[in-house]
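See below for the structure under consideration.
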Amino acid sequence: MAAGGFSPRRLFLPKRTRGKKTERQTGIMNGINAKTLYRATYIYLALPLFIFFASWFNYAAAGVFSLLLALAFYKTYTATKDNMPEWRLKRRFMLFLFSVAALWCFLAGIGYFYYQSFDYHFRNAVFRDLINYPWPVFYERADTPLVYYMAFWLVPATLGKILAPLLQNAYWNFYLANIFLYVYAVVGVALIFTQLAAAVRAENFKKLAAAMLIFVFFSGLDVIGMAFFRVQEQPFAYHFEWWATFIQYSSFTTGMFWVFNQFIPIALITLLLYNERNIRHFGFLIALALFFSPYPTASIGIFAVAYAVQAFIRANDKARFLSEEIFSVPNIISVFWLLPPIILYFITNSEGMDKLWYVFDYTTPGRLAVFMLLEFLFPAAILFPLYRKHLFFATAAILLCLIPFFRVDEQNNFCMRSSIPPLIMLAVYVIRFLIENSAAKTRLFSRCALILLLLIGAATPLAEFYRGLHYVIKAGRLDLVADDIYTLNQAYVEMPMFGWDANHQFTAREYRSDIFWQYLAKKPQ
């Protein structure tokens, strides 16, 4: 129990009972301690940050920050309560879960096996450079170090660097490293599905399968927006989400197909925060989220702060709540020691927030209103009567209303990426509503309306799947990879198709005067 008499809900499962096992304990989840899932998730998320501190920092800084990270991780890892309810995904259900995860990752192009979307030109280049260059990566031709949210590649890239001296073949080394990347992604997606099962109370195979299916095909009504509001030709075929120009709430499959390195860890952190609700770990989760993807961290931080404020208001002993929950060891270390070096690393990026942008530079108030209506307001309105008092639902709705008004870079990646956590929260409540009311005679109209919205919205992820299938059939082979850039070690990195210089997205032009590169990082080799 938390300090001051406030006890956050750990999971939906009931407490252990003596004697007979409950129906939930003998169903799909009846053995694995919830602690195991949380610990596996924290290991998966924390390992890249350990690699970063050990490999990018000079010896003194690496020693200090690695020890602090280890302490925060240890406190988080061992703090999971031993009396949490037990549950197990049966072996055949685990096989199903991993099979769906493996298929989704394969069709997303992860692993260098199948058709890849345009953004892989950059992702393959970053991954190859992480394998081929000493750490920290420094580009001599561009006279700049690599500055990018590269956390998702660090574990498979480490394995690739270990194999390089043994193989002595750059092509096969990169190919095997992609297999490691694929396995790492499949494990991450499998953890997402497992956390999702816990979040939506999927107590049997039917509910688990339904939850996973809805999650994969969850999207706004982009097909309607594209049909009525498209004013120029889309740059990418079979891609529905640019109908409101750079204001975009990406479907989860779009996130997998274009920015898997951000979507997988951010989805996992969002669901972990929703399920565990342990305020003592919030700072650590925010630090991990920031390292994987800066923009969505803003939304995750708002969820964490909102929940902590609510818990503080409800606490009877507020002084104890502050001392034990807010000022926990993981929170203190993360806020004052882990976040600063990560922030110092990212702010050296040349692109950054170099000017103020106006959201209506490329859209109109009318189209923005229609965008909100089609992307989330319809399902939110249906769910509102039942979940209006649920903090995470209310926070998600507010964030989705506010995010389009903040534009911090030219292409408005902030809108596309910071919307990932609130969209995942919205999806959780949609799935919960359908599962909790599946057998009820009431709310029939609401269920039908939600199902209709999901079916129409599914056009967006279906188009993503179709694009790869279309080009694979047309070419007569599977491995239609997007790898034209090859390496970022160039003075001018030409963006395929568009032609302009993309180098600024990955560089630190002023690294000679940046605090991170002068005092914390290893000197370039």
Checklist outcome for this item: Those residues of segment 424-446 which are part of a helix (DSSP H, G or I) and either charged (D, E, K, R) or closer than 10 Å to Leu383 by Cβ (or both) amount to Leu426, Tyr429, Val430, Arg432, Phe433, Glu436, Ser446
Checklist outcome for this item: Listed by first then second residue, the pairs whose first member lies in segment 316-337 and is within 18 Å of Ala46 (Cα to Cα), whose partner is hydroxyl-bearing (Ser, Thr, Tyr) and part of a helix (DSSP H, G or I), with beta carbons under 7 Å and at least 6 positions apart or on separate chains, are Pro330/Thr76
Checklist entry - Filter segment 31-72 for residues that are of a type in the set (A, V, I, L, M, F, W, C) and not in a helix (DSSP H, G or I); which is farthest from Thr158 (Cα to Cα)? => result Ile32
Checklist entry - Among the residues of segment 117-135, which ones are open to solvent by less than 10 Å² (accessible area, probe 1.4 Å) and not in a helix (DSSP H, G or I)? => result Ser117
Checklist entry - Is at least one residue of segment 159-181 within 19 Å of the chain's Cα centre (by Cα) and either surrounded by 22 or more Cβ atoms within 10 Å (Cβ to Cβ) or small (Gly, Ala, Ser) (or both)? => result yes
Checklist entry - What are the residue pairs meeting all of these: first residue in segment 364-380, first residue without any contact (Cβ under 8 Å) to a residue 24 or more places away in the chain, second residue surrounded by 16 or more Cβ atoms within 10 Å (Cβ to Cβ), Cβ atoms under 9 Å, and 6 or more apart or on different chains? => result Leu373/Leu221; Leu377/Ala397; Leu377/Leu400
Item to check | Among residues of segment 309-340, those that are in a helix (DSSP H, G or I), of a type outside the set (Ser, Thr, Tyr) and open to solvent by 20 Å² or more (accessible area, probe 1.4 Å), counted | outcome: 18
Item to check | Filter result for the condition that a residue is surrounded by fewer than 23 Cβ atoms within 10 Å (Cβ to Cβ) and in contact (Cβ under 8 Å) with a residue 24 or more places away in the chain, over Thr245, Thr254, Thr194 | outcome: Thr245
Item to check | Pairs, first closer than 18 Å to Ala306 by Cα in segment 416-438, second small (Gly, Ala, Ser) and at pLDDT 95 or above, C-beta under 6 Å, six or more apart | outcome: Ser418/Ala298; Ser418/Ser299; Pro421/Ser299; Pro422/Ser299; Pro422/Ala396; Ile424/Ala267; Met425/Ala396; Leu426/Ala396
Next on the checklist: Please count how many residues of segment 491-508 are of a type outside the set (Phe, Trp, Tyr), farther than 10 Å from Pro145 by Cβ and in a loop (DSSP other than H, G, I, E, B).
Outcome noted: 7
Checklist entry - From the list Tyr471, Tyr511, Tyr486, which one is of a type outside the set (Val, Ile, Thr), more than 30 Å from Lys206 (Cβ to Cβ), surrounded by 12 or more Cβ atoms within 10 Å (Cβ to Cβ) and at pLDDT 95 or above? => result Tyr471
Checklist entry - Is one or more of the residues making up segment 145-157 over 22 Å from the mean Cα position of the chain (by Cα) and open to solvent by 10 Å² or more (accessible area, probe 1.4 Å)? => result no
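Table: residues versus (1) of a type in the set (D, E, K, R); (2) open to solvent by less than 10 Å² (accessible area, probe 1.4 Å); (3) under 12 Å from Thr270 (Cβ atoms); (4) assigned to a helix (DSSP H, G or I).
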site	(1), (2), (3), (4)
Leu386	no, no, no, yes
Ala394	no, no, no, yes
Leu399	no, no, yes, yes
Leu402	no, no, no, yes
Arg407	yes, no, no, no
Pro422	no, yes, yes, yes
Checklist entry - Right, Glu410: acidic (Asp, Glu) and modelled with pLDDT under 95 or not? => result yes
Item to check | Cβ-Cβ under 6 Å pairs, at least 6 apart or on other chains, segment 482-494 side farther than 19 Å from Gln116 by Cα and of a type outside the set (Asp, Glu), far side open to solvent by less than 70 Å² (accessible area, probe 1.4 Å) and not in a loop (DSSP other than H, G, I, E, B) | outcome: Asn489/Tyr139; Tyr492/Asp501; Val493/Asn503
Item to check | Inter-residue pairs, beta-carbon under 8 Å, first open to solvent by less than 20 Å² (accessible area, probe 1.4 Å) and in segment 210-232, second in a loop (DSSP other than H, G, I, E, B) and modelled with pLDDT of 90 or more, 6+ apart | outcome: Ala211/Val200; Phe218/Ser251; Ser219/Ser251; Ser219/Ala458; Gly220/Tyr249; Gly220/Ser251; Asp222/Ser251
Checklist entry - Do we have Ala306 as buried (at least 19 other Cβ atoms within 10 Å of the Cβ), of a type in the set (Gly, Ala, Ser), modelled with pLDDT of 95 or more and part of a helix (DSSP H, G or I) here? => result no
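The values are calculated or read from the model by the stated rules, or taken from the named source; none is laboratory data. Source: prediction; values computed, not measured. For neighbour counting, all protein chains shown are included, and Cβ atoms are generated from backbone atoms with ideal geometry for every residue, glycine included. Please note that ligands, DNA and RNA were not included when accessible areas were found on the heavy atoms of the full protein model with its side chains. Shrake-Rupley method; radii C 1.70, N 1.55, O 1.52, S 1.80 Å.
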